[in-house]
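Asker: Here it is, the structure, as structure tokens.
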Amino acid sequence: MSRVLTTVNRVLLALVGLVLLAVGGSVLAVGLGAPSPSWWIHENRHDVLLSDGERTHWRDAGWWWPAVIAALAVLLLLALWWLTAVVRRRRLSAVLVDTGDGEGALLRGRALEQVLAGDAATLDGAARANAHLTGHRTAPAARIRLHLEPHVDPETALHHLTDQTLTHARDAAGLKSLPADVRLRSVKHRAERVS
């Protein structure tokens, strides 16, 4: 998520949290016998939230239940949209390659990811590799996960990855820089038996 969306998300969550905290704290305080605030809709702690008349006032109207269901459906869709916007990780769909003639060409992000992962997987002792591109199409960044066999030295693998794989991808795409977040993991193996 971009920095602006992250800020808006946090501000909205903070405002909703403060409103819920104020209302919940007021309900708890009034329920425990504290005097009700001036904006409180009921007079004392023995009042019910909705009286019988308030609860059943619109029940016989034909439009009431469809309106309630539609409003709840809209709230559910908004909540699901917000959740997917927060959880979804954005992948870079294309990288802008400078062709040298004032024009540019678009390189598919998935193609560059596959090249990065394939080149990283050719390391001696690499079990598998995954690569994802993030950032902007003029300034991409790579996230690489490299799963290594237990006998591989992580420093050697990282040196090979930065000096060969990332340099090759950066030069091939004509990028000024290609920052990378590299995560090395060891694959699990069975214990060797000594006889």
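The values are calculated or read from the model by the stated rules, or taken from the named source; none is laboratory data. Note that the structure is predicted; figures quoted are calculated from it, not measured. Here the Cβ positions follow ideal geometry from the backbone for every residue, glycine too, while neighbour counts run over all protein chains shown. These accessible areas exclude ligands, DNA and RNA; they are computed on the full protein's heavy atoms, side chains included. Shrake-Rupley method; radii C 1.70, N 1.55, O 1.52, S 1.80 Å.
Asker: Based on what the data block shows, is V4 closer than 30 Å to T138 by Cβ and assigned to a strand (DSSP E or B)?
Answerer: no
Okay, residues lined up against (1) among the small types (G, A, S); (2) within 29 Å of the chain's Cα centre (by Cα):
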residue	(1), (2)
V115	no, yes
G118	yes, yes
A121	yes, yes
A131	yes, yes
R143	no, yes
E149	no, no
L166	no, yes
A172	yes, no
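Asker: Taking segment 140-185 as the search range and keeping residues that are open to solvent by 60 Å² or more (accessible area, probe 1.4 Å) and among the small types (G, A, S), which one is nearest to G125 (Cα to Cα)?
Answerer: So in segment 140-185, the residues open to solvent by 60 Å² or more (accessible area, probe 1.4 Å) come out as 143, 145, 149-151, 153-156, 158-159, 163-164, 168, 170-172, 176-177, 179, 181, 183-185.
Applying the additional criterion that residues be among the small types (G, A, S) yields 172, 177.
Working: A172: 25, S177: 27 Å.
Result: A172.
Asker: So, of the residues in segment 91-129 that are surrounded by 11 or more Cβ atoms within 10 Å (Cβ to Cβ) and in a loop (DSSP other than H, G, I, E, B), which turns out to be modelled with the highest pLDDT?
Answerer: Just the residues of segment 91-129 that are surrounded by 11 or more Cβ atoms within 10 Å (Cβ to Cβ), to begin with: 91-98, 104-129.
Then keep just the ones that are in a loop (DSSP other than H, G, I, E, B); that gives 91-93, 122-125.
On the way: R91: 75, L92: 79, S93: 80, T122: 86, L123: 82, D124: 80, G125: 80.
Going through the qualifying residues, I end up with T122.
Asker: Output the qualifying pairs, or none if there are none: Cβ atoms under 6 angstrom, residues six or more apart or on different chains, first residue in segment 4-33 and among the β-branched types (V, I, T), second residue surrounded by 11 or more Cβ atoms within 10 Å (Cβ to Cβ).
Answerer: What qualifies is V30/S36; V30/R45.
Asker: Another one. For segment 135-144, state whether one or more residues are of a type in the set (V, I, T) and touching a residue at least 40 places away in the same chain (Cβ under 8 Å).
Answerer: Yes, some residue in segment 135-144 is of a type in the set (V, I, T) and touching a residue at least 40 places away in the same chain (Cβ under 8 Å).
Asker: Within segment 1-10, is even one residue over 30 Å from K176 (Cβ atoms) and open to solvent by less than 100 Å² (accessible area, probe 1.4 Å)?
Answerer: Here is the first cut: in segment 1-10, the residues over 30 Å from K176 (Cβ atoms) are 8-10.
Checking the rest, the ones that are also open to solvent by less than 100 Å² (accessible area, probe 1.4 Å) come to 8-9.
Yes, segment 1-10 contains at least one residue that is over 30 Å from K176 (Cβ atoms) and open to solvent by less than 100 Å² (accessible area, probe 1.4 Å).
Asker: Out of T162, T134, which single residue is over 30 Å from L13 (Cα atoms) and of a type in the set (S, T, Y)?
Answerer: Only one candidate passes the filter, namely T162.
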